[in-house]
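A quick write-up on the structure given underneath.
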Amino acid sequence: MAHDGVVLEVDSVSKSFGALAALSKVSFAVRRGQVFSVIGPNGAGKSTLFNVVSGLHTPTAGRVRFNGQQIGGLPPEAINRLGIAKTFQITNIFPEISVFENVRVAAQSRARESGRLASLWRLPEVETGVAELLRAFGLAAKRDALAENLSHGEQRYLEICLALATEPTLLLLDEPTAGMTPGETREATALIRQIASARGLTVLLIEHDMSVVMGISDRVAVLHFGEKIAEGPAEQIRNDPQVIEAYLGPPES
Ligand code: ADP
Ligand code: MG
């Protein structure tokens with residue numbers, strides 16, 4: 001089946017919690033190699049969307065397709081095995097083991113699933129891949145530090161490394177720069193862009209802060225009260241009056 005380079009298709013997805021429509025008929029398509037960002041004010045439905053795509057929530061209606069395959073409602077592990085990796089707003093690293101071991105465990109889970117040996121605890125290619133990732137994120141000097149001793153920003157970086165170590169086709173990031181300093185945020189977003197380009201990785205970036213996504217996104221969709229109110233190139237979104245109003249609230253009269 002041809003899908004015109006579309007990796008992820010969210011097709012008229014709704015998700016309700018009781019009477020509350022957290023998502024209402026949201027549709028968009030993410031193409032291979034794109035950084036696609038979904039932004040919106042607090043409560044817009046961004047994390048709900050993230051959870052639907054990653055399998056934590058079953059959509060109330062609509063379809064989610066990954067490489068043409070319907071994945072809406074599949075359990076998170078099944079979705080992960082197909083090549084979708086994610087980071088959470090809460091960190092999911094192992095605090096009491098080293099930075100290097102954290103990433104190696106993640107890389108290894110992937111190696112095991114892809115049918116390579118289970119006994120590759122010291123497989124050179126895994127170690128090389130881990131070292132490369134740590135270098136890319138400026139964590140090489142901290143490789144033997146316990147993860148719990150990293151700064152908050154470094155822990156966010158480590159979390160992205162863990163997701164990338166599984167060699168996903170699609171990387172889902174939910175507010176990856178939350179808690180970072182402005183300097184770390186600039187660096188992290190540039191890195192995400194660079195890694196997407198270098199590895200042909202597709203990224204779905206969920207973000208509250210509009211300024212974070214502007215420089216790095218190929219396309220931006222805007223959620224407001226569970227509905228998509230705009231989608232387009234970053235520049236167009238930045239100047240869209242409806243988007244500005246959603247963020248600032250209605251003008252005072
Ligand atoms: P965002 O990430 O854009 O801030 P969320 O997706 O977290 O927004 O939330 C969207 C709406 O859905 C909010 O009104 C929130 O209170 C509600 N919501 C989110 N998750 C649940 C849940 N598990 N149960 C009930 N309501 C929820
Ligand atoms: Mg959220």
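The values are calculated or read from the model by the stated rules, or taken from the named source; none is laboratory data. Since this is a predicted model, take the numbers as computed values, not measurements. As a convention, Cβ positions derive from the backbone with ideal geometry for all residues, glycine included, and neighbour counts pool all protein chains shown. We work out accessible area using only protein heavy atoms, side chains counted, and drop any ligands, DNA or RNA first. Shrake-Rupley method; radii C 1.70, N 1.55, O 1.52, S 1.80 Å.
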(message) Counting other C-beta atoms within 10 Å, and keeping those with at most 11, which DSSP coil GluC sites (Glu not before Pro) do you find in region 159-253?
(response) Glu252
(request) Please state the charge dipole magnitude for the chain, taken about the Cα centre, from unit charges on C-beta atoms (+1 on K and R, -1 on D and E), reported in debye and rounded to the nearest 20. (result) 680
(message) Just to check I understand the Karplus step: with θ = phi - 60° and J = 6.51 cos²θ - 1.76 cosθ + 1.60, what whole-Hz values come out for region 173-182, glycine and proline as x?
(response) 10, 9, 6, x, 9, 4, x, 7, 6, x
(request) Could you order Ser211, Ser109 so the one with the most accessible surface comes first? Probe is 1.4 Å. (result) Ser211, Ser109
(request) Subtracting the Cα-Cα distance from 0.36 nm times the residue separation, let me have the gained length for Phe225 to Ser109 in nm, one decimal. (result) 38.0 nm
(request) Provide the net charge surrounding Ser24, with neighbours chosen by a C-beta distance below 12 Å and charges set as Lys +1, Arg +1, Asp -1, Glu -1. (result) +2
(request) Please work out how much length the chain gains when fully extended from Arg31 to Ala178, using 0.36 nm per residue of separation minus the C-alpha to C-alpha distance, in nm with one decimal. (result) 50.4 nm
(request) Using a 1.4 angstrom probe on the protein heavy atoms only, line up Ser197, Ser16 by accessible area, largest first. (result) Ser197, Ser16
(message) For Ile97, what residues show an amide H to amide H distance below 5 Å, using hydrogens built from the backbone and excluding near sequence neighbours?
(response) Ala147, Glu148
(request) Give me the accessible area of Ser27, 1.4 Å probe, in Å² rounded to the nearest 10. (result) 50
(message) Rounded to the nearest 5, what % of DSSP beta bridges with both residues in the chain are antiparallel?
(response) 55
(message) Suppose the chain between Thr60 and Ser16 were pulled fully straight at 0.36 nm per residue; how much longer would it get relative to their current alpha carbon spacing?
(response) 15.2 nm
(message) Give me, ordered by chain and number, the residues 5 or more places off Val7 or on other chains with an amide H under 5 Å from its own placed amide H.
(response) Val30, Arg31, Arg32
(request) May I ask you to derive the FRET efficiency for Gln242 and Glu96 from their Cβ-Cβ distance with R0 = 51 Å, giving the value to the nearest 0.05? (result) 0.60
(request) Give a residue-ordered list of calculated ³J(HN,Hα) values for region 185-194 (Karplus: 6.51 cos²θ - 1.76 cosθ + 1.60, θ = phi - 60°; whole Hz; x for Gly, Pro). (result) 4, 4, 5, 5, 5, 4, 5, 4, 4, 5
(request) Quickly rank 126-138, 45-57, 67-79 as a protection proxy: mean count of other C-beta atoms within 10 Å, highest first. (result) 45-57, 126-138, 67-79
(request) Could you order Lys25, Lys86 so the one with the most accessible surface comes first? Probe is 1.4 Å. (result) Lys25, Lys86
(message) Using only the Cα atoms of the chain, what are the Rg and Dmax in Å?
(response) 18.4, 68
(request) Rounded to whole Hz and in sequence order, give me ³J(HN,Hα) for region 96-103 from the Karplus expression 6.51 cos²θ - 1.76 cosθ + 1.60, θ = phi - 60°, writing x for Gly and Pro. (result) 9, 10, 5, 4, 4, 5, 4, 6
(request) Starting from the Cα of Gln69, step 7 Å toward the Cβ, then list every residue of region 1-31 with an amide N under 16 Å from that point. (result) 1-3, 6-9
(request) Give the calculated FRET efficiency between Asp209 and Leu123 to the nearest 0.05, with a Förster radius of 30 Å applied to their Cβ-Cβ distance. (result) 0.15
